[in-house]
Structures are given as structure tokens and as C-alpha cells.
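Here is the structure we will look at, set down as C-alpha cells.
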Amino acid sequence: MKRLPIFWSFRRCPYAMRARLAVKSAGLQVELREILLRDKPDAFLAVSETATVPVLERTDGQVIEESRDIMFWALQQSGDPEQWLTGWKQDQAGLQAFLDQLDGPFKTHLDRYKYSARFAEDKADAAELASYHRAEGAAFLKQIDTRLNKNPFLNGSEAGLADYAALPFVRQFRIADITWFDDQDWPAVHLWLQAFLASQRFAAIMHKYTPWKPGDAPVVF
């Protein structure tokens, strides 16, 4: 068996999800090593300065620790067979700004909404914090809905990098309170997200793997 890049992952992590989506789209093979965040293997900690997933160890020894960078690496290695980078080529500055807003302010609001108890002093403070950050995150989702009313995908007529970079985080925002989310007047967002959740593409990257341990046979993803 030829040596493959090693991909350290955690199934439910949205950053890892979007990196796995790009690897699948690219048609690449990697050796998948699923980890538990509460019990990170020494081999993982030895290669990751941040100790966060995803991490890709290339066969040349280079380590890629940012999910966005893994996405670009996978698509560029493969020639981008599904044309995910079309939007990037057409408006690099615009897509960069969207990704920065997604990974910056929106992710901050998502974390403080979904895990408000971690950032609050008491239950009352947690409820107030969650309400504020939910509203702030919702404003970003409303912007996405407006864009999706013009085109079926953020990438245009076909889904691309912007869509698959964002969808795992929108999924997580919904999970925080599914009833509330589904009641919001974001018809285009709902169609976009539900189509993704029902897709074979999503199912393919959400297979459950046993956490890796030294000596295990390689798992090819």
C-alpha cells in the first residue's frame, strides 16, 4: 500500500467536516485517524502545535493545521474536479471576506450561543448571552438567505467552496435549538441546509470510525 497523507479528524467538528468534504470532492485518498478530543493521542499532539482538528500530514512531511488550507490543498492537488473554486477565481476578495466573517464573528456568536454556560457567570447571564449571540448569528444567516434567494448556492448555480465551508457551521447553529431555527423566516437557508443534510455527500463524510490507536491498520478515507 502506498503511503498516504494522514488526516487527523473528529467526526462532529465542523472544521473537520468541511475539510473531509473537500478531500471527498477532490477524489483524494488519505489515511483517516479519528480522535477523541478528550483523549488526544501522543502521535497527534506531536504533529499539531494547536492540538486541534483537522490536521493533515502530507507525505513530504509538511503539516497543514487550518481547515481552509486543507480544503484549498485538496482541491488544488486534484485539479478541482467539481469546480468548487469557481467563486474564488471570480471574486477572491469577496469570498475571502465571507470566509473571514464566517470563521471570525459568526463562529464566535455560534460558540457563545450554543455553549453560553461556558462563558457566563450564572444561568441568568447564560440566557442573556445566548439570546444576544443567537440574534447576532441570525443576522449573518439572514445575509446568506438573501444571497441564496438570488442563486441556489453561495457559489452560484452549483455548490462550491463557500457553501461547503459554511454548511457544517450552519448545521451546528441549527442544532443549538432546532425548533427555533426551523421557525425562522429563512426559506432559502432551510432548503440549502436540508438538501445538504439529506445528501449522499454528507452521509459519506459522517461515517462513524473507531478512534485511532497506535498499531491500528490504516483506514483509507
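The values are calculated or read from the model by the stated rules, or taken from the named source; none is laboratory data. Since we're looking at a predicted model, the values are computed, not measured. Don't worry about glycine lacking a Cβ; one is built from the backbone with ideal geometry, like all the others, and counts go over all protein chains shown.
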Inset, instruction - Sort through G87, G104 and tell me the only one that's closer than 23 Å to F140 by Cβ, within 16 Å of the chain's Cα centre (by Cα) and not hydrophobic (A, V, I, L, M, F, W, C). - result: G104
Legend entry - Residues of the stretch 142-183 that turn out to be touching a residue at least 60 places away in the same chain (Cβ under 8 Å), surrounded by fewer than 19 Cβ atoms within 10 Å (Cβ to Cβ) and of a type outside the set (K, R), as a count: 5
Legend entry - Of all residues in the stretch 1-45 being free of Cβ contacts under 8 Å to residues at least 12 places away in the same chain and part of a loop (DSSP other than H, G, I, E, B), the one that is farthest from W73 (Cα to Cα): R38
Legend entry - Within the stretch 178-203, tally of residues that are over 14 Å from A159 (Cα atoms) and hydroxyl-bearing (S, T, Y): 1
Inset, instruction - Scan the stretch 46-58 for residues that are modelled with pLDDT of 95 or more and either farther than 18 Å from P218 by Cβ or in a loop (DSSP other than H, G, I, E, B) (or both) and jot them down. - result: V53, P54, R58
Legend entry - Of the criteria (1) hydrophobic (A, V, I, L, M, F, W, C); (2) in the same structural domain as Y164 (by TED's automatic domain parsing); (3) within 19 Å of the chain's Cα centre (by Cα); (4) buried (at least 18 other Cβ atoms within 10 Å of the Cβ), which one A130 fails: (3)
Legend entry - Every residue from the stretch 87-103 that is crowded, with 17+ Cβ neighbours inside 10 Å and out of contact with any strand residue (DSSP E or B) (no Cβ under 7 Å at 6 or more places or on another chain): W88, L95, F98, L99, L102, D103
Inset, instruction - Report yes if some residue within the stretch 80-94 is assigned to a helix (DSSP H, G or I), closer than 16 Å to D163 by Cα, among the small types (G, A, S) and touching a residue at least 24 places away in the same chain (Cβ under 8 Å); otherwise report no. - result: yes
Inset, instruction - Within the stretch 211-219, identify whether any single residue is among the β-branched types (V, I, T) and under 23 Å from L99 (Cα atoms), and answer yes or no. - result: no
